[in-house]
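So the structure is just underneath, and the comments pick up after that.
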Amino acid sequence: HGKGFSTILTKGMHIGRSSVYAALQVAIWMGYDHIYVFGCDMSKVKCKDGKEKLYPWGSNPDVPDSSREGRFKQEAESYMWMAANVNKSILGRFTFCSKRNPWPFASHFERLDHETAVDEILSRHVKAKI
C-alpha cells in the first residue's frame with residue numbers, strides 16, 4: 001500500500017498504477033544488470049499519419065483515451081517517488097527508450113531516442129561480448 005519500490009518481491013511490490021512500474025521491480029528482483037524500457041511515453045505522440053494518438057495502432061478498447069491521459073499524472077507521481085527515494089545504483093540500471101515522455105521523472109534516468117535505441121543497445125552489448 002502507498003508509494004514505494006520493492007527489490008524483494010517476496011515481501012510485496014508497489015504497482016504504482018502502472019504495469020511498467022511493476023515490471024521494473026520484477027526485473028530488479030530477478031537480477032538483471034540493465035533494463036531498457038520501451039513504450040513508456042505517457043502522452044500522445046505524433047504518428048506517421050500526422051495525428052496525435054496515445055497508441056500508434058489506435059485506442060485501448062478497455063480504457064477511454066481521456067481516462068488514460070488523466071491517469072498518467074498519477075503514474076508519474078510513483079515514478080517521481082522512485083527517482084527521489086530509490087538507491088541511485090538501482091536507478092542507474094534503467095534506461096527509458098523514449099524521448100517523448102514529458103514527465104519530469106524521466107530526466108532522472110538515462111534516456112535513449114526510441115528510434116535509435118536498438119542500434120545503441122546492440123552496440124553496447126554485442127561489442128562487449130565479442
Subset tally (residues that are in contact with an Asp or Glu (Cβ under 8 Å, 6 or more places away or on another chain), open to solvent by less than 50 Å² (accessible area, probe 1.4 Å) and more than 26 Å from His14 (Cα to Cα)) for region 43-73: 1
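Residue-by-condition table, conditions (1) acidic (Asp, Glu); (2) open to solvent by 90 Å² or more (accessible area, probe 1.4 Å); (3) in a loop (DSSP other than H, G, I, E, B):
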{"site": "Ile15", "(1), (2), (3)": "no, yes, yes"}
{"site": "Ile28", "(1), (2), (3)": "no, no, no"}
{"site": "Asp33", "(1), (2), (3)": "yes, yes, yes"}
{"site": "Asp41", "(1), (2), (3)": "yes, no, yes"}
{"site": "Glu75", "(1), (2), (3)": "yes, no, no"}
{"site": "Ala83", "(1), (2), (3)": "no, no, no"}
Residue that is farthest from Ile90 (Cα to Cα), among those in region 12-58 that are touching a residue at least 12 places away in the same chain (Cβ under 8 Å) and of a type in the set (S, T, N, Q): Ser43
Residue list for region 91-102, restricted to those being more than 17 Å from Phe72 (Cα to Cα) and either acidic (Asp, Glu) or surrounded by 15 or more Cβ atoms within 10 Å (Cβ to Cβ) (or both): Leu91, Arg93, Phe94, Thr95, Cys97
Only listed residue being charged (D, E, K, R) and modelled with pLDDT under 95, chosen from Lys88, Lys99: Lys99
Selection count, region 1-11, where residues are open to solvent by 30 Å² or more (accessible area, probe 1.4 Å), assigned to a loop (DSSP other than H, G, I, E, B) and more than 18 Å from Gly92 (Cβ to Cβ): 4
Matching residues, region 17-26, being in contact with a helix residue (DSSP H, G or I) (Cβ under 7 Å, 6 or more places away or on another chain) and loosely packed, with under 14 Cβ neighbours inside 10 Å: Val26
Matching residues in region 103-124 - criterion: being exposed (fewer than 13 other Cβ atoms within 10 Å of the Cβ) and under 15 Å from Gly39 (Cβ atoms): Asp113, Glu115
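Results for (1) at pLDDT 95 or above; (2) within 13 Å of the chain's Cα centre (by Cα), shown as yes or no for each residue.
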site	(1), (2)
Tyr21	yes, yes
Ile28	yes, no
Tyr32	yes, no
Asp62	no, no
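The values are calculated or read from the model by the stated rules, or taken from the named source; none is laboratory data. Bear in mind that the values here come from a model prediction, so they are computed numbers and not experimental data. A quick note on method: Cβ atoms are made from the backbone with ideal geometry, for glycine too, and the neighbour counts reach across all protein chains shown. Please note that ligands, DNA and RNA were not included when accessible areas were found on the heavy atoms of the full protein model with its side chains. Shrake-Rupley method; radii C 1.70, N 1.55, O 1.52, S 1.80 Å.
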